[in-house]
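The values are calculated or read from the model by the stated rules, or taken from the named source; none is laboratory data. Note that this is a predicted model, so its numbers are computed, not measured. Glycine gets a Cβ as well: all are built from the backbone with ideal geometry, and neighbour counts include every protein chain shown. The accessibility values were calculated without ligands, DNA or RNA, using every heavy atom of the protein model including side chains. Shrake-Rupley method; radii C 1.70, N 1.55, O 1.52, S 1.80 Å.
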Amino acid sequence: MLKDILSKDERDVLETLVEESENIVLCCHTNPDGDAIGSCLGMAEYMRYRGKRPLVIVPDLFPDYLQWMPNTEKILRYDKHTAEADAVMAGADLIFCLDFNQTKRTDAMAASLESATARKVMIDHHLEPDMDCTLVISRPEMCSTCEMVFRIVWQLDCFTMMTSQFAAPIYCGMMTDTGGFVYNSSSPDIFFIISRLLTKGIDKDKIYRNVYNNYSENRLRLIGYVLYSKLVVVSDYHAAFFTLTKQEQRRFRFIKGDAEGLVNMPLQIKGLKLSISLREDTERPNVVLVSLRSVGNFPCNKVAEAFFNGGGHLNASGGRLECGIDEAVEITKKALSHFASTLK
């Protein structure tokens, strides 16, 4: 049986906030991933059960491989419908902030979120939450925000009333945030949760195929190009990195989501502890998006914090540099040198 995720006071506050609110917004971070979208859709389904009118607002486009999930057609994109989203935020009674710990992680949506007078609830599993919220539910030890949403609904004795429209996005978010349950997923509780989600009739194999076997030919060719031509292996530091320029992304007709999982692949090399991806933003000049993955006890989140204006989890982190790709490479080399003693 699962231990409660909420204290008595937290449970009371959450239930009061939901009960007193009608117009509820659920939002997540920019470049939404499976956990961000899954936790929003899962919590929205719970809100519908409670008789509320939830609306999911995301800062920008989310990948094609997530658009199969139930109710994605109801999601409002802030970058495409800014005026409408601002009005919804301004008129909300309650805003759930899911899978992010700072408003800056919502980019252009941050000002609207900060100015909204609605009470706010943060549900997140990242370190060091820093937002002004009525209720902060921060559990960095959890594998995903989707795990947290499941546990909350379970503790509120409402899981039996949930359907596959709740279970599918929750499972998807847990799966994607653990790389298919490969990392950050050693807790027996995770597999108990999976067993419960399966009782709702979801097809876990189909969900896996929808996410991991649903790419274009260009994506496959991009992977081959990166691994053959772009991968730099620094054997002395048991690390690797690669770059993707705007020109290269255009060459392979890059769409959002095509880089998903690329940064994990170098870790298949025996003895490698750290992998770093440096990808030029296709929309903004002099912005390099950084993804980091590590194995074992090596803290890639510390590398992200120290050199890439980012952070995250022990084995999965991200960041961003405001510079050109060549300077980003030099910063990466300095980062590897700085952490050399830990990597060796």
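What the table below lists for this structure:
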quantity	calculated
Between region 187-262 and region 286-340, the Cα center-to-center distance that results, in Å	18 Å
Charge dipole magnitude, Cβ of K and R +1, D and E -1 - the chain, Cα centre, debye nearest 20	1160 debye
Accessible surface, per residue, of region 279-326 when the full set of protein chains is kept, probe 1.4 Å, Å²	45 Å²
Sparse-neighbour loop sites [chymotrypsin sites (Phe, Trp or Tyr not before Pro); region 238-344; at most 16 other C-beta within 10 Å; DSSP]	none
Loop-located GluC sites (Glu not before Pro) in region 251-332 whose Cβ has at most 16 other Cβ within 10 Å (DSSP)	Glu283, Glu322
Sites matching trypsin sites (Lys or Arg not before Pro) across region 31-111 that sit in DSSP coil, with at most 13 neighbouring C-beta atoms within 10 Å	Lys80
Given charges at beta-carbon only (K, R positive; D, E negative), |dipole| of region 103-206 in Debye	300 debye
Extent along principal axes [Cα atoms of the chain; Å; largest to smallest]	57, 44, 38
Antiparallel DSSP beta bridges within the chain, as percent of all bridges there, nearest 5	40 percent
Leading residue at positive end of dipole, the chain (Cβ point charges), from Leu127, Cys172, His238	His238
Helix 34-49 vs. the chain, principal-axis angle (Cα, 0 to 90°, nearest 10)	0 degrees
Paramagnetic reach from Ala111 (point 7 Å along Cα→Cβ, amide N under 19 Å) across region 311-334	none
Extension gain (nm, one decimal) between Asp132 and Arg221, 0.36 nm per residue minus Cα-Cα	27.6 nm
Helix axis angle, 8-20 relative to the chain longest principal axis, alpha carbon, degrees	70 degrees
Total formal charge among the other residues, if their Cβ is under 9 angstrom from that of Ile255, Lys/Arg +1 and Asp/Glu -1	+1
Cross-link table Lys74/Lys120; Lys230/Lys334; Lys3/Lys206; Lys204/Lys273; Lys8/Lys52; Lys80/Lys256, entries beyond 26 Å C-alpha to C-alpha	Lys3/Lys206; Lys204/Lys273
MRE, 222 nm, helices only [DSSP H, n ≥ 4, -39500 (n - 2.57), over the chain, to nearest 500]	-11000 deg cm²/dmol
Between 0 and 90°, nearest 10: helix 188-198 axis offset from the chain longest Cα axis	60 degrees
Net +/- balance of residues flanking Lys246 in space, Cβ distance below 11 Å, scoring K and R +1, D and E -1	0
